[in-house]
């Protein structure tokens with residue numbers, strides 16, 4: 001090859017280079033052309049250095065000759081590379097390249113499997129840890145649930161105690177509202193209940209103040225109807241009070257079945273002002289007995305309703 005470059009004429013070599021470049025330009029793709037350019041440049045520089053070392057130029061004509069032959073070497077190498085590299089790349093693509101691509105696909109599949117298995121193992125470990133933690137915290141959750149149930153039951157019991165205390169006061173007030181109209185009005189009663197018997201107060205305090213309110217109402221009634229009455233009238237009032245006291249103890253339970261207004265009407269009808277003391281006490285005894293029977297019926301009815309709903313009956317109905 002070096003002998004051809006050194007001894008061949010420029011015209012023949014130029015035509016050969018042109019043919020190689022034309023044919024290679026039709027075959028090579030951009031990738032092959034890029035690599036071929038690098039190879040041709042190295043050939044140009046290599047031949048130039050070789051010629052300068054082996055045949056030192058003695059004149060400008062010799063330098064021009066070395067340059068022209070280096071260009072011919074560059075063109076020939078470029079044309080040959082444009083022809084040979086596509087063939088080599090095609091062979092590489094269907095042999096070594098195919099094997100490398102397959103190896104990459106297998107490697108990616110294996111790596112994906114490893115990553116997926118690692119993820120599953122991590123999820124399984126996290127799930128087992130969560131289940132173990134859930135099992136360990138079961139006693140705490142059960143204790144918290146029982147405490148919450150106890151607090152809810154306590155709140156319900158406190159609410160019922162407050163409602164019962166307020167209902168007893170309201171029943172007593174309603175029984176004597178017409179007698180207290182000028183001394184203890186409905187507005188005064190509602191204001192006292194709002195300030196001293198509200199849900200923001202402890203049930204013990206509400207019950208204590210409810211008893212105080214009932215005492216206040218009775219004091220007002222005594223002042224409106226002085227105790228210096230004829231013996232028969234005092235006995236009639238005492239008999240009525242016994243019935244009212246019995247009713248006030250179960251006022252919350254009897255509010256719907258036997259409201260205070262019905263009790264007031266029943267008292268006036270059965271213990272009249274003209275009744276004797278003996279008749280008044282007999283009627284009072286019968287009414288108390290009837291009230292107690294009605295209380296028992298209401299408790300049984302509530303217990304049946306709660307049994308149907310699957311709820312334990314409240315403590316005040318047992």
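Scan segment 173-197 for residues that are within 43 Å of the chain's Cα centre (by Cα), under 22 Å from residue 249 (Cβ atoms) and without any contact (Cβ under 8 Å) to a residue 24 or more places away in the chain and the total you get is 1. When segment 33-54 is filtered for residues that are touching a residue at least 40 places away in the same chain (Cβ under 8 Å) and either farther than 17 Å from residue 69 by Cβ or outside the structural domain of residue 22 (by TED's automatic domain parsing) (or both), the ones remaining, listed by number, are 33, 35, 36, 37, 39. Can you find a residue in segment 198-213 that is modelled with pLDDT under 85, closer than 30 Å to residue 272 by Cα and within 47 Å of the chain's Cα centre (by Cα)? Checked against the condition, which is being modelled with pLDDT under 85, closer than 30 Å to residue 272 by Cα and within 47 Å of the chain's Cα centre (by Cα), segment 198-213 yields no hits at all.
Are any residues in segment 189-204 surrounded by 14 or more Cβ atoms within 10 Å (Cβ to Cβ) and either over 17 Å from residue 163 (Cβ atoms) or not assigned by TED's automatic domain parsing to the domain that holds residue 162 (or both), and if so, which ones? Please lay out each step first, then the result.
Step one: list which residues in segment 189-204 are surrounded by 14 or more Cβ atoms within 10 Å (Cβ to Cβ), which gives 189, 192-193, 196-197, 201, 203.
If the condition is that a residue be surrounded by 14 or more Cβ atoms within 10 Å (Cβ to Cβ) and either over 17 Å from residue 163 (Cβ atoms) or not assigned by TED's automatic domain parsing to the domain that holds residue 162 (or both), then no residue fits.
Limited to segment 268-283, what total is found for residues that are in a loop (DSSP other than H, G, I, E, B) and either in the same structural domain as residue 175 (by TED's automatic domain parsing) or under 13 Å from residue 238 (Cβ atoms) (or both)?
Keep residues of segment 268-283 that are in a loop (DSSP other than H, G, I, E, B), which gives 271-276.
Add one more test, that the residue is either in the same structural domain as residue 175 (by TED's automatic domain parsing) or under 13 Å from residue 238 (Cβ atoms) (or both), and what stays is 271, 275.
Summing the residues that are in a loop (DSSP other than H, G, I, E, B) and either in the same structural domain as residue 175 (by TED's automatic domain parsing) or under 13 Å from residue 238 (Cβ atoms) (or both) in segment 268-283 gives 2.
Of all residues in segment 65-88, none are outside any helix (DSSP H, G or I) and farther than 30 Å from residue 11 by Cβ. Residue 229: assigned to a helix (DSSP H, G or I) and modelled with pLDDT under 75, yes or no? Criteria not met by residue 229. Every condition in (1) under 23 Å from residue 20 (Cβ atoms); (2) within 60 Å of the chain's Cα centre (by Cα) is met by residue 79 except one, and the failing one is (2).
Looking across segment 273-300, the residues that are modelled with pLDDT of 85 or more and exposed (fewer than 15 other Cβ atoms within 10 Å of the Cβ) come down to 285, 286, 289, 290, 292, 293, 296, 297, 300. Among the residues of segment 105-115, not a single one is outside the structural domain of residue 26 (by TED's automatic domain parsing) and within 28 Å of the chain's Cα centre (by Cα). Here is a check on your reading of the model: is residue 240 free of Cβ contacts under 8 Å to residues at least 12 places away in the same chain, more than 58 Å from the chain's Cα centre (by Cα), part of a helix (DSSP H, G or I) and not assigned by TED's automatic domain parsing to the domain that holds residue 172? No, not satisfied.
The values are calculated or read from the model by the stated rules, or taken from the named source; none is laboratory data. In this text the structure is predicted, and so the values were computed from the model without any measurement. Quick reminder, even Gly has a Cβ in these numbers, built from the backbone with ideal geometry, and neighbours come from all protein chains shown.
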